[in-house]
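Here's a structure for you.
The values are calculated or read from the model by the stated rules, or taken from the named source; none is laboratory data. Remember, it's a predicted structure, so these values are computed and weren't measured experimentally. Here the Cβ positions follow ideal geometry from the backbone for every residue, glycine too, while neighbour counts run over all protein chains shown. Accessible surface is based on the protein model in full, side chains and every heavy atom, while ligands, DNA and RNA are left aside. Shrake-Rupley method; radii C 1.70, N 1.55, O 1.52, S 1.80 Å.
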Amino acid sequence: MTRSTLIKKAWLGLALVGLACVASLPKEAQAEPLYFALEVRREGRLVAQPKLLGETGRTVRAERRKPGAREPDYRLVLTPTAEGETFRLELDLMLPEIKGHSELALLHGQEGKVQLGRWPGELEVSLLLMKVDSPEFRALMDLTEDPAVGGSGRPI
């Protein structure tokens, strides 16, 4: 075997090893678009009802502020991640006089309730999670494909 043949075979071997290494790396999961419907209650009184769109791997932030107000009525931060069929959520909520943090795991279409205050009922959040463009989400948003069935037939 000539020297140039050995060099070519060595380069080919290195290239194959490199391809094998790249192929063995875990594939990044596609970001899953999600819909969140929340109800925030302070001592039983409804104080916020945001409906948000987000996706796994990205933090969703929302706040409501009256015009001219220095402080928001509420500030909400959601961080969803996918773990198989389950979605793990980190939830941070701030109201002017109280704040709370919780983590919960939900399946598509599942509603969860968390207590964020110092005692039950002080600060409570109910959260519904749905995958966007699922049949359940389409029904909730009245996005059925057949207008004769009662849906608008509107695309998302």
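Would you say ARG118 is modelled with pLDDT of 95 or more and surrounded by fewer than 15 Cβ atoms within 10 Å (Cβ to Cβ)?
no
On the given criteria, is GLU39 open to solvent by 40 Å² or more (accessible area, probe 1.4 Å), closer than 22 Å to LEU140 by Cα and at pLDDT 95 or above?
Yes.
Given the criteria open to solvent by 90 Å² or more (accessible area, probe 1.4 Å) and out of contact with any helix residue (DSSP H, G or I) (no Cβ under 7 Å at 6 or more places or on another chain), does ARG45 qualify?
yes
Got a number for residues in region 48-73 being open to solvent by 80 Å² or more (accessible area, probe 1.4 Å) and not in a strand (DSSP E or B)?
Of the residues in that region, 8 qualify.
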